[in-house]
Structure formats: structure tokens, C-alpha cells
Amino acid sequence: MTSPPSTITARAVLFDMDGVLVDSGEHIILAWQRFADQHGLDLQELLRASHGQRTIDTLKRVAPFLDYDAEAIRLEEQEVELARELRACPGAASLFGQIPLERVGIVTSASRPLALARLAGARFPVPGVVVTSEEVSAGKPDPEGYLHAALCLGIQPSEALVIEDAPAGVAAARAAGMKVLAVTTTHTADQLVEADVVVSSLECVSARSGNVNVELSFSLSRPHA
């Protein structure tokens with residue numbers, strides 16, 4: 001058994017949003033429950049397919065017989081309405097605030113209106129780089145979103161640290177050639193095995209910024225084999 005590192009240094013930190021910054025799980029389940037009830041679909045299958053994925057990609061996979069463009073719009077309208085009641089995930093606001101905003105990016109499978117609504121609902125400042133579903137041709141696990149964020153921040157992919165909670169997001173970051181810190185808010189540690197470090201909560205993580213780099217320190221991480 002080898003121990004994971006106790007620190008990771010990066011030029012910038014790229015956050016996933018749902019399940020990392022914003023505790024939106026209950027609202028996502030509610031929106032998908034309404035959709036499942038309306039169309040006679042299995043909620044658990046929808047939820048398994050949707051984690052870390054763009055809504056449009058989930059609908060294409062599980063309900064290709066529907067007008068998925070129209071359904072995606074209706075789902076988003078429900079979620080935007082619910083966003084005002086959101087909270088930050090434990091430790092997320094503190095960690096986010098320890099990193100200069102110009103060294104932060106957000107890469108989410110949500111649309112821009114939904115991302116901005118959720119960030120506002122959970123009271124996060126909006127960094128200059130927020131990559132949303134409209135800006136990529138392929139969602140996670142494709143690396144396009146993370147590569148685009150690195151380009152916008154003016155860094156090499158290898159200089160970025162990604163914080164994710166879903167296997168699709170971890171795979172996207174890995175495919176982009178980035179370091180990955182995973183948090184077990186929506187998936188188990190065994191499902192996030194490809195990350196460099198896995199922690200139970202962002203309460204376990206702190207950041208210190210220098211002139212060039214950001215150093216993240218963490219505890220309670222899962223050893224890697």
C-alpha cells in the first residue's frame with residue numbers, strides 16, 4: 001500500500017459544481033422524480049445515468065423517444081426555481097475563499113443559467129472562468145470542458161488540480177492530464193479510485209496561495225493500492 005500525497009501544488013484549481021461546491025442533491029432528485037413520474041421511467045436508472053453528466057446527454061441515453069431538447073429546458077426551469085434554497089457543501093465555501101478568484105475555474109455539466117442560479121443560491125462568488133454545458137460539444141467524461149478551462153486560465157493542463165465528486169468527472173480530468181482530488185459526497189471512494197487523493201469532505205482540505213502556485217493540504221484521505 002502506498003500513501004497518497006499530503007499536499008498537491010497547482011497553478012489553478014478547477015472545481016466541479018454540484019456535489020463539490022453546491023449541495024444540490026435533493027433538488028436534483030426532486031426534479032428527476034417529477035420527470036420520472038410524468039413519463040413512467042425508473043428514477044434510480046435516471047439518477048445513475050445523470051451523475052456528472054449534462055442533462056441533454058442523460059436524456060439521449062435513457063429517453064431517446066422523447067423530445068429531449070424540450071424536456072431538458074423544462075427540467076432546467078424547475079432546477080433554477082429550486083436553486084435559491086441551496087447550501088454550500090461542507091467545507092466548500094471556506095476552501096473556495098482561500099484561493100484567489102483569478103486562480104479558480106468551475107467546470108460543470110449544468111447550463112450557464114442554472115450554474116449561475118446555483119452559485120448565487122449557495123452564495124459563491126463567480127470566477128472569470130465558468131465552463132458550462134453550452135460551451136462544449138461533448139460533456140464529461142470527455143476532457144473538453146477541463147481543457148477549455150485551462151486554456152481560459154492561461155495554464156497547461158498538467159498545472160491544474162481538479163476537484164470532483166463523480167467518476168465521469170474524474171475520468172474527464174484524467175483524460176485532460178490533470179491532477180484530481182475527489183470528495184465522497186455522491187460516490188464511494190472505490191468508485192473514485194482514479195483520483196490522486198480521495199477525501200470524505202472538503203472540510204479536510206485547506207489551501208495556501210503563493211506568488212505562482214496554490215498548495216492544497218488534506219487529511220483523512222483514502223490510501224491507494
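The values are calculated or read from the model by the stated rules, or taken from the named source; none is laboratory data. Bear in mind the structure is a predicted one, so any value in this text is a computation, not a measurement. In this analysis, Cβ positions are derived from the backbone assuming ideal geometry, glycine residues included, and neighbour counts consider all displayed protein chains. In case anyone asks, the SASA skips ligands and DNA or RNA and just uses the protein heavy atoms, side chains included. Shrake-Rupley method; radii C 1.70, N 1.55, O 1.52, S 1.80 Å.
Enumerate the calculated ³J(HN,Hα) couplings along region 141-146 in order (Karplus 6.51 cos²θ - 1.76 cosθ + 1.60, θ = phi - 60°), each rounded to whole Hz, writing x wherever the residue is Gly or Pro.
x, 5, x, 3, x, 5
For the pair Phe65 and Glu85, what calculated FRET efficiency results from E = 1/(1 + (r/R0)^6), where r is the Cβ-Cβ distance and R0 = 22 Å, to the nearest 0.05?
With a Förster radius of 22 Å, E is 0.10.
Based solely on its DSSP helices, what 222 nm [θ] is calculated for the chain when runs of n ≥ 4 H residues each add -39,500 (n - 2.57) and the sum is averaged over all residues, nearest 500 deg cm²/dmol?
-10500 deg cm²/dmol
Per residue, what accessible area does region 38-128 have, given a 1.4 Å probe and all protein chains present, in Å²?
With all protein chains present, region 38-128 gives 50 Å² per residue.
Determine the equivalent ellipsoid of region 1-42 by diagonalising the alpha-carbon gyration tensor, then write out the semi-axes as square roots of 5 times the eigenvalues, largest first, rounded to whole Å.
37, 14, 8
Set Lys and Arg Cβ to +1 and Asp and Glu Cβ to -1, take the dipole of the chain about its Cα centre, and tell me which of Pro113, Gln38, Ala63 lies farthest positive.
Pro113
Take the Cα coordinates of the chain, assign each an equal point scatterer, and use the Debye formula without solvent to give log10 I(q)/I(0) at q = 0.07, 0.09, 0.10, 0.14 Å⁻¹.
These q points yield log10 I(q)/I(0) values of -0.20, -0.33, -0.41, -0.82.
Taking only Cα atoms, what is the 0 to 90° angle, nearest 10, from helix 25-39's long axis to the longest principal axis of the chain?
20 degrees
Excluding Arg34 itself, what net charge comes from residues whose Cβ is under 12 Å from its Cβ, given Lys and Arg +1 and Asp and Glu -1?
-4
Under 1.5 on a/c is rounded, so check that first for region 171-221, then, if it is not, pick prolate when a/b is larger than b/c and oblate when it is not; a ≥ b ≥ c are the square roots of the alpha carbon gyration tensor eigenvalues.
oblate
Give the long-range amide H neighbours of Val198: residues separated by 5 or more places, or on another chain, with amide H under 5 Å away, using H modelled in the peptide plane at 1.01 Å from N.
Correct list: Ala182, Arg222.
Once you order the gyration tensor axes a ≥ b ≥ c over the Cα atoms, which shape class does region 97-203 get: rounded for a/c under 1.5, otherwise prolate or oblate by comparing a/b with b/c?
Since a/c stays below 1.5, the shape of region 97-203 is classed as rounded.
Need one number for region 71-117: average projected area of the convex hull over its C-alpha atoms, nm².
Its Cα hull, projected and averaged over all orientations, spans 3.9 nm².
Would you tell me the accessible area of Glu77, worked out with a 1.4 angstrom probe on the heavy atoms of the protein chains, in Å² to the nearest 10?
120 Å²
Can you bin region 98-155 into rounded, prolate or oblate? Criterion: square roots of the alpha carbon gyration tensor eigenvalues sorted a ≥ b ≥ c, rounded for a/c under 1.5, prolate for a/b above b/c, oblate for the rest.
oblate
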